[in-house]
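Okay, structure first, notes after.
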Amino acid sequence: MTFVESLRTRTEGRRGKLALIAMFVALFLYPVILPFAVYEQGVLLLAFLMALMAVSWNIISGFAGYVSLGHSVFLGLGAYTGGLLAETYQVNPLWFMPLGGVVAFVAAALVGMVVLRTRGHAFVIITIALLLSMQVLVTNFRSITNGSNGVNVPLPFWSSDYQNMPFYYLFLVLLLVTIAFAAWIRRTKFGTGLLAIREDEDKAAAIGVNTTRYKVLAYAASAVPIGVAGVVYAYFLSFLNPIGAFALLTSVTIVLSALAGGRGTLWGPVLGGFVVTIVSEVANVYGGGSQSRLLVLGLALVLVVLFLPQGILPAVSARLARRRAAQQKVEYTDQTGVATARTSIVVTPRSAPAAERTAAPLLEIRGAAKSFGGLRAVDGVDLTVEAGSITALIGPNGSGKTTLFNLVTGAMPLGSGEIWFDGTRIDRMPPWERAHLGLGRTFQITRLFKSMTVLENVVAPLPTASWGLMGKDAVSGHEAERARELLDFVGLGRFGSQQAGALSYGQQKLVELAQVLMLEPKMILLDEPAGGINPTLINRMVEIIRDLNRQGIAFLVVEHNIPLVLDLCDPVAVLSRGKVIAQGPPSIVRADPLVLEAYLGPEWLPAEPVPGAVLDQAALSAKGS
Amino acid sequence: MTQLVQALVLGLLIGGVYALMASGLTLIFGVMNIINVAHGALLILVAFITWQIWSVTGIDPILLSVVTTPLMFGLGWLLYKGVLSRISGTSPGMSVLLTFGIAITIEGVLNVTAGNRFRSATPSYFSESFRVFGISLPKAQVFGCLAAVLVLGLLYVVLTKTWTGRAIRATAQNASGAALVGIQAAGVAALAFAIGTATTGVGGSVLSVLYPFFPASHYDWISRLLGIIVLGGMGSLVGALVGALVLGLAETLTATYGSLQWSTLIFYAVIMLVLLFRPQGLFGSRLRQDVMA
């Protein structure tokens, strides 16, 4: 990007920011300039509330990708918390705003802890059920909630001359705070982790993201602003009943707003909230009343999903970007250009270098087994990896190598046996805890988060379970700095702001390696590091592996490129039909008749022992003892 | 004792009807990975159609399912071909939003055409009961349950004994594998969606007699049915059956020994409890997830 071009994009960004500031200043001045536009103010304040709810919904359903269809439950919870307490003690409900947020947080966290532990669809269903059961609960708990007769909230303390103006400002300020809150989340490592979960949940777990904690926290965080706003909403309505406070129609409108504006973006839900509120108000006034409003909203939702699934804002900005790209020159991104840019780095693995360590192996697999139905994919594997070694795991296709990787990293539960890593038994731990111990892996087919930038991909991993680390800035500061260093180390420093999906396959492999290094691993499992990439990049990969190994990181490598394995790795373990059939130095393993038979079939066995090869079973370290 | 037996029998009768309604939903989920949130709205739509025909012609509402079932089969086919197939291959979240939109649209249409008030079909036997060993069995519930069991049996035969059924089950278990052995995934999906929707034909006709309904009732129904399949394990037909019976029993037992208002809450409490210990539901299997790559 030339200087002029970067200046142009920067001014465009600044122009957008100026337009936003101008809009909010106009919204602040509007009641002052036109104090008697009471109706318009009323519509606008509902738009603020809707935008606020859509921005909050976006945290769980946009960032993390878990759709909630009952999000208005938190508005009702906040409203009832504030309304009931204010009625009982005859005080101003606004004092209870923080409490409204707390109630919403607790409710969401409790429900989330039950239904968000697994992937999949239970969540969306429970969100509807939660809304409806709150309706039932509030209707039936007459002694506390006064049932369907409703709650009379104290009237506003200000003079009626001010009309709804104070509410207008309250909702506007709450909206701004909520946007700032969502923007902050998006900037942190927590936010990056949420996007990672949306893109590929298993992969996120493999790089140390405690997916359960992230999802529960995101759901709870998305409830808080709505709970707070609910208290104000109760004061504004001055009367609450169960059907109105826990309305499904409100949930529909939230979903429609966020979706129409642009799910997953920061400003999309704001735009959507305004558009949907104003359009539905117009439809209400000119389109035959509230009977048809439902029909209009439903059709709008169907049409948006079918024809504008990404939303207004992303569609517009994609068009702008396309136009800009047409004027720009294509950047030069060849492999050699990449290969010259590598810098060295200190990785400081959390284990001491091999020489200083005691004799205990870093990774020890004892009798590991796993079957799928009748197929025993891994059938009693014993395997050790010494600290500081580069151990190879080879074997014919289908011999169980990748399954073994999945068992070690926790992507699949172990059938039987034990796995020990650095003195800890890990086979019952979730994947992220294994990552926190310093166990990293790459995948046979790269699994980057394709719609995130390269830098975001590398920032996302979490080396520890620390809560504080989740709140760290992912865009600038120490974490991002470290990610840039790692990208420079693999020679891809220039690609930080590119979409990960736009890189070549070989480059993606290097990014995945940088991603794993962010975990400060003691050991890395590489699944076919040289598969499908060109010789230049293979050399670079080998160079990187050696460099990291010199600094104390151990490797377990699955690879089909046998010359590469024999050159790089020592010892070599051979897996066949779910069992380790040989393990030892490369020169010995290559001559083992069992190995030759496993690879080539029995008819290819030489009649005479291969000259020079020592078929000494004792030297083969007794097959994985 | 009689009271308990009475509650249990009634629970099973209602459970049979729930099982039929939920089987269509779980079938659609199993084959297409789509949570059809519009299933409840389709039930209410059928209930309205049944009520309308019954009030004009006087034909027995439950018998009318002979008309409504093929009607809903056709509607399901059209809905899949015209709307749902357009988003196949995108994220499952989008299909939830789409069917949610369809549900709201159906509710809106009913609001505008039929009006927002309660209805209930009341054939002559509406308030009569059979008496067996001192237990009274409301005729409407017995007929409703019989119709449901009949259709469930038919569904079972179609799924296990016909080529079409085997194709549907094969696609549910392994879509790409089924495609490899010559099953057209798109056709099977449309068929499964149509069959799943056809179950709302009988379900809705029975509903019109057993429960008063109005356009917004569908929220109540869909959350019950979704609850059933979450409890049973999503995609599992046996799970849907068991979940439905649990819901039926929970309802009649809470109504007998507590108060009817709390029955839904009790049911949701049961679901949360089950999910606490078995996140995949009672009969749901955690498949070998696609972590091979």
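Summing +1 for each Lys or Arg and -1 for each Asp or Glu, what net charge is found among the other residues whose Cβ lies under 12 Å from the Cβ of B:Val230?
Numbers: positive: B:Arg224, B:Arg278; negative: none.
Summing Lys/Arg as +1 and Asp/Glu as -1 gives +2.
What lysines does A:Lys370 reach when the alpha-carbon gap must be under 25 Å and sequence neighbours fewer than 8 apart in one chain are set aside?
A:Lys203, A:Lys401, A:Lys579, A:Lys623
How big is D for the range A:200-292, in µm² s⁻¹ as a whole number, if Stokes-Einstein is applied with the Kirkwood radius of its Cα pairs at 37 °C and 0.692 mPa s? All intermediate terms of the calculation are to be shown ahead of the outcome.
Working: Rh = 16.0 Å.
Calculated translational D: 206 µm²/s.
Taking chain A as the reference, fit the longest principal axis to its C-alpha atoms, fit the long axis of helix A:38-58 to the helix C-alpha atoms, and give the angle between the two in degrees, 0 to 90, nearest 10.
Tilt relative to chain A: about 20 degrees.
If you put +1 on each Lys and Arg Cβ and -1 on each Asp and Glu Cβ, how big is the dipole of the range B:162-292 around its Cα centre, in Debye rounded to 20?
Details: 6 positive and 3 negative charges, 71 e Å.
Rounded to the nearest 20 debye, it is 340 debye.
For the range B:124-203, what number results from the quotient of the Cα radius of gyration and 2.2 N^0.38 Å?
Numbers: Rg = 18.4 Å, N = 80, 2.2 N^0.38 = 11.6 Å.
Normalised by 2.2 N^0.38 Å, the Cα Rg of the range B:124-203 equals 1.58.
Would you mind telling me the antiparallel percentage of the DSSP bridges in chain A, rounded to 5?
Working: 25 of 40 bridges.
Restricted to chain A, the bridges split so that about 60 percent are antiparallel.
Run through every distinct alpha carbon pair of the range B:187-293 and return the Kirkwood hydrodynamic radius in angstroms, one decimal place. Mind dumping the intermediate values first?
Working: mean 1/r = 0.0643 Å⁻¹.
By the Kirkwood definition, the hydrodynamic radius is 15.5 Å.
Could you compute the net charge surrounding A:Arg425? Neighbours are other residues with a C-beta less than 13 Å from the C-beta of A:Arg425; K and R count +1, D and E count -1. Walk me through the intermediate numbers first.
On the way: positive: A:Arg366, A:Arg428, A:Arg434; negative: A:Glu364, A:Glu418, A:Asp422, A:Asp427, A:Glu433.
Summing Lys/Arg as +1 and Asp/Glu as -1 gives -2.
Given a 1.4 angstrom probe, what's the average accessible area per residue across chain B, in square angstrom?
Values: 12120 Å² over 293 residues.
Dividing the accessible area of chain B by its residue count gives 41 Å².
Can you tell me how the range A:480-563 classifies by the Cα gyration tensor, rounded, prolate or oblate, using a/c under 1.5 as the rounded cut?
Working: a/c = 1.87, a/b = 1.16, b/c = 1.60.
Here the range A:480-563 falls in the oblate category.
How much space per residue, in cubic angstrom, does the convex hull of the C-alpha atoms of the range B:68-198 take up? Don't jump to the answer; show the numbers that get you there.
Working: hull volume 22.2 nm³, N = 131.
Once divided by residue count, the hull of the range B:68-198 is 169 Å³.
In whole Hz, what ³J(HN,Hα) sequence does the range A:584-589 give by Karplus (6.51, -1.76, 1.60; θ = phi - 60°), x for Gly and Pro?
Once rounded to whole Hz, the list reads x, x, x, 4, 7, 4.
Which is farthest toward the positive dipole end of the range B:101-189 among B:Thr162, B:Val188, B:Asn174, measuring Cα position about the Cα centre, with Cβ charges +1 (Lys, Arg) and -1 (Asp, Glu)?
B:Thr162
Over the range A:159-252, what relative contact order in percent results from Cα pairs under 8 Å that are six or more residues apart? Don't skip to the end; give the middle numbers.
Working: 26 pairs, mean separation 29.0, N = 94.
About 31 percent, as a whole number.
Treating only the Cβ atoms of Lys and Arg (+1) and Asp and Glu (-1) as charged, compute the dipole magnitude of chain B about its Cα centre; round to the nearest 20 debye. Show your work: numbers first, answer last.
On the way: 13 positive and 6 negative charges, 89 e Å.
The calculated dipole for chain B is roughly 420 debye.
Calculated from DSSP H runs of 4 or more alone, at -39500 (n - 2.57) each and per residue, what is the 222 nm mean residue ellipticity of chain B, nearest 500? The partial results should precede the final answer.
Working: 11 runs with 209 residues, N = 293.
About -24500 deg cm²/dmol.
Working from the alpha-carbon coordinates of the range A:407-544, get Rg over Rh, Rh being the Kirkwood radius.
Taking Rh as the inverse mean 1/r over Cα pairs, Rg/Rh reads 0.98.
Loop only by DSSP, 15 or fewer other Cβ within 10 Å of the Cβ. Give me the trypsin sites (Lys or Arg not before Pro) in the range A:491-585 that pass, ordered by residue number. Can you show the working numbers first?
Values: sites: A:Arg494, A:Lys509, A:Lys522, A:Arg540, A:Arg546, A:Arg550, A:Arg577, A:Lys579; in loops: A:Lys522, A:Arg577.
Counting only loop positions with at most 15 other Cβ atoms within 10 Å, the trypsin sites (Lys or Arg not before Pro) in the range A:491-585 are A:Arg577.
Over the alpha-carbon set of the range B:30-84, work out the extent along each principal axis and list the three values in angstrom, largest first.
39, 18, 17
What's the longest uninterrupted piece of chain A once you rule out the chymotrypsin sites (Phe, Trp or Tyr not before Pro) that are loop residues per DSSP with at most 15 other Cβ within 10 Å?
A:333-625
Just to confirm the filter: which trypsin sites (Lys or Arg not before Pro) across the range A:358-436 are DSSP coil and have at most 15 other Cβ within 10 angstrom of their Cβ?
Values: sites: A:Arg366, A:Lys370, A:Arg376, A:Lys401, A:Arg425, A:Arg428, A:Arg434; in loops: A:Arg428.
In loop regions of the range A:358-436 (DSSP not H, G, I, E or B), the sparsely surrounded trypsin sites (Lys or Arg not before Pro) are A:Arg428.
Based only on Cα atoms, what mean projected area does the convex hull of the range B:114-272 have, in nm²?
Numbers: hull surface 48.5 nm².
The number I arrive at for the range B:114-272 is 12.1 nm².
Could you work out the longest stretch of chain B that avoids the chymotrypsin sites (Phe, Trp or Tyr not before Pro) located in DSSP loops with at most 15 other Cβ atoms within 10 Å?
Values: sites that count: B:Phe118, B:Phe133.
Maximal segment without exposed cleavage sites: B:134-293.
To the nearest 500 deg cm²/dmol, what mean residue ellipticity at 222 nm is calculated for chain A from DSSP H runs of n ≥ 4 alone, each contributing -39,500 (n - 2.57), summed and divided by the residues? Can you show the working numbers first?
Working: 26 runs with 339 residues, N = 625.
The per-residue figure over chain A is -17000 deg cm²/dmol.
Taking every pair of distinct Cα atoms and averaging 1/r, then inverting, what Kirkwood hydrodynamic radius in Å comes out for the range B:1-122? Working shown, then result.
Values: mean 1/r = 0.0609 Å⁻¹.
The Cα-based Kirkwood calculation yields 16.4 Å.
Please report the spacing between the Cα centers of the range A:148-168 and the range A:411-429 in Å, no decimals.
60
Just want the answer: with Cβ charges of +1 for Lys and Arg and -1 for Asp and Glu, which residue in A:Gly423, B:Thr105, B:Tyr80 is farthest toward the dipole's positive end in the protein assembly as shown?
The listed residue farthest towards the positive side: B:Thr105.
Rg over Rh of the range A:100-169, using C-alpha atoms and the Kirkwood radius, what does it come to? Walk me through the intermediate numbers first.
Numbers: Rg = 17.7 Å, Rh = 15.4 Å.
The Rg/Rh ratio comes out at 1.15.
Give me P(r) over the range A:44-178, computed from all C-alpha to C-alpha distances, binned every 5 Å, as integer percentages.
Each 5 Å bin holds this share of Cα pairs: 2, 9, 15, 20, 20, 15, 11, 5, 2, 1, 0.
Whole number please: convex hull volume per residue of the Cα set in chain B, in Å³?
137
For chain A, what's the relative contact order in percent, using C-alpha pairs closer than 8 Å and at least 6 residues apart?
Values: 1130 pairs, mean separation 98.1, N = 625.
Here the relative contact order equals 16 percent.
How big is the A-B contact in terms of buried accessible area, both chains counted, 1.4 Å probe, rounded to the nearest 100 Å²? Could you put the intermediate results ahead of the total?
Numbers: alone 27930 and 14220 Å², together 37880 Å².
The summed interface area works out to 4300 Å².
Checking the a/c ratio against 1.5 first, then a/b against b/c, what shape does the Cα gyration tensor give for the range A:120-239?
Values: a/c = 4.31, a/b = 1.58, b/c = 2.74.
In terms of gyration-tensor shape, oblate.
Which of the listed residues, B:Leu241, B:Leu13, B:Leu210, is farthest toward the dipole's positive end in chain B, when Lys, Arg count +1 and Asp, Glu count -1 at the beta-carbon?
Positive-end residue among those listed: B:Leu241.
For chain A, what is the convex hull volume of the alpha-carbon atoms per residue, in Å³? Please report the intermediate quantities before stating the final value.
Values: hull volume 121.0 nm³, N = 625.
Expressed per residue, the convex hull around the Cα atoms of chain A is 194 Å³.
Determine the dipole magnitude for the protein assembly as shown: charges of +1 sit on the beta-carbon of Lys and Arg, -1 on that of Asp and Glu, nothing else is charged, the reference point is the Cα centre, and the result goes in debye to the nearest 20. Walk me through the numbers before you get to the answer.
Working: 61 positive and 47 negative charges, 217 e Å.
Result for the protein assembly as shown is approximately 1040 debye, rounded to the nearest 20.
The values are calculated or read from the model by the stated rules, or taken from the named source; none is laboratory data. Remember, it's a predicted structure, so these values are computed and weren't measured experimentally. Cβ sites come from the backbone with ideal geometry, for glycine too, and all protein chains shown count toward neighbours. To get the accessible areas, we keep the full protein, side chains included, count just its heavy atoms, and leave off ligands, DNA and RNA. Shrake-Rupley method; radii C 1.70, N 1.55, O 1.52, S 1.80 Å.
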